[in-house]
Amino acid sequence: MESQLPPKPMPSKPGALSSFVRFVVCGGGVGLLAGAAVPLLATAMPWALANALITVASTLLCTELHALFTFGTGRRAGLRRHLQSAGSAIAAYLVTTAAMLILHAVQQSPSLLCEQAVYLTASGLAGIGRFLVLRLFVFAERKKEATAPVQPRAALSADALGTGPQRATYAPMVPSVA
C-alpha cells in the first residue's frame, strides 16, 4: 500500500528587500573574488585580457547565483537570461564610464576622493538599476495571459446532427434584421 504524502510546497520567492540583499551579497562577493583574480591572472597574460576573461566568468557566475539564490527561480539561468543579464551589465558599465568621462570633462584634475565618490555613486545607481531590470524583466515569472475561457464546439455526432434518436436542441443565434 502506497503512502499518500502531500506534495512538497514550492519554496516561496524572496521578497524585494530579501532579493536586494542577496543581490548585493552575491554581486559583491563575486566582485571581491574577481578583483583578486584579475591581478593573479594578469601575471600570465596581458591585464586587459585577464580583466575581460574574469569579467565574463564573473558575469556568468553571478547570473547563475541570481537565478538560483537571489531571485529564487528554482532553475538555472539559461541562454536568454545570460544574454539579458550581460546586457544589463554592459549598461551598468556604460553608466559608470559615462559618469567618469563627464567628471573629467567638467574637472581637468579631480581629486582621488572626488573620482571615488563619482564612481561609487554611479556604480550604486547602476547596480540599483540592474537589480530592477533583473528582478522585473530577466528573472520575473512570466504570467500566462488571462483569456476568456474557450467554449467547446458541439460534437458532430449523430445526436448533434439530428439524425440520432434524439433531436439536437442547439439553435445558432442569428441576428434579426428588423
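The values are calculated or read from the model by the stated rules, or taken from the named source; none is laboratory data. Just so it is clear, the structure is predicted and the values come from calculations on it, not from any experiment. Positions of Cβ are backbone-derived with ideal geometry, glycine not excepted, and every protein chain shown enters the neighbour counts. We work out accessible area using only protein heavy atoms, side chains counted, and drop any ligands, DNA or RNA first. Shrake-Rupley method; radii C 1.70, N 1.55, O 1.52, S 1.80 Å.
With all protein chains kept in place, the per residue accessible area of segment 71-126 amounts to 65 square angstrom at a probe of 1.4 angstrom.
For segment 63-121, the fraction of 1.4 Å probe accessible surface lying on carbon and sulfur atoms is 71 percent. The residues neighbouring ALA67, those whose beta-carbon lies less than 9 Å from its own, together hold a net charge of +2 under the Lys/Arg +1, Asp/Glu -1 convention.
Taken along the Cα-to-beta-carbon direction at a fixed 7 Å, the label points for ALA42 and ARG142 span 4.1 nm.
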